[in-house]
Amino acid sequence: MRKYLTFILTALSAFASADVQNNIDSNNMSSNHIGSIDQLEQIPEKVAPAYTNPLKDAGNIPTTFLFQPPLVPHSIRGLQVTKNANQCLACHSPEVSPTTGAPRVPESHFQDRDGNPTGETSPRRYFCLQCHVQQTEVNPIIQNKFDTIRQNQGK
C-alpha cells in the first residue's frame, strides 16, 4: 500500500513541476534568468495609477504621527516618478523652489547612508511617492479608530 501511495505522490509532483516549467517557458523566461537586470531594463514603465477625488490644493496638511513624511497637498495626476524621470524635482529642487514657492527638498535627501553629502538626490530618496502620499476624499473600506498625536495629548 505504501509503494502505491509513494508512486502516486511522485507522479503528481512530477506533473506539478512540469506545469510550473511550462508556465515559466510560456512567459518567455527561463528558470535560470528570472529577475535578471537585462529583463528589468526591458520592462516598460507604467505611470498611470488610479486616482479618485484628489484634493485640488489643500495647503499644508498637519501630520498625525512623529517623523511622518509631509503629505502631498496637490494633485499628482500626470507627474512621472520613475527610474528615468522625477518630475517632483521640477518644482521642489533646491535651485527651483525659491521661484516656484514649493517646499524645498530637505538636506537629508542629498546624503548617502553614512550622512555624507552627495551632489544629487540620494537613490534611496529619489522615489518621492514612496513616502509622500497624495490625499483624497474617499470613504474608507474599513473603519479606522486611529487617534492622532494631538488627540492623544489631549487625553
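The values are calculated or read from the model by the stated rules, or taken from the named source; none is laboratory data. Keep in mind the model is a prediction, meaning the values are calculated, not measured. Areas reflect the complete protein model, heavy atoms only, side chains present, ligands, DNA and RNA absent. Shrake-Rupley method; radii C 1.70, N 1.55, O 1.52, S 1.80 Å.
Results, tabulated for the structure shown:
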| item | result |
| --- | --- |
| In Hz, Karplus ³J(HN,Hα) per residue of segment 75-86 (6.51, -1.76, 1.60; θ = phi - 60°; x = Gly, Pro) | 5, 10, 4, x, 6, 9, 10, 10, 5, 9, 8, 9 |
| Accessible area in the full protein assembly, largest first, 1.4 Å probe, for ILE142, ILE8, ILE76 | ILE142, ILE8, ILE76 |
| Karplus-derived 3J(HN,Hα), 6.51/-1.76/1.60, for each residue of segment 121-126, Hz, glycine and proline x | 4, 5, x, 7, 10, 6 |
| Karplus-derived 3J(HN,Hα), 6.51/-1.76/1.60, for each residue of segment 62-68, Hz, glycine and proline x | x, 7, 10, 8, 4, 6, 6 |
| Amide H contacts under 5 Å for VAL133, placed H, 5+ residues apart | VAL72 |
| Long-range amide H partners of GLN111 with built H, under 5 Å | THR118, SER122 |
| Segment VAL133-SER97, length gained on full extension (0.36 nm per residue, minus Cα span) | 11.0 nm |
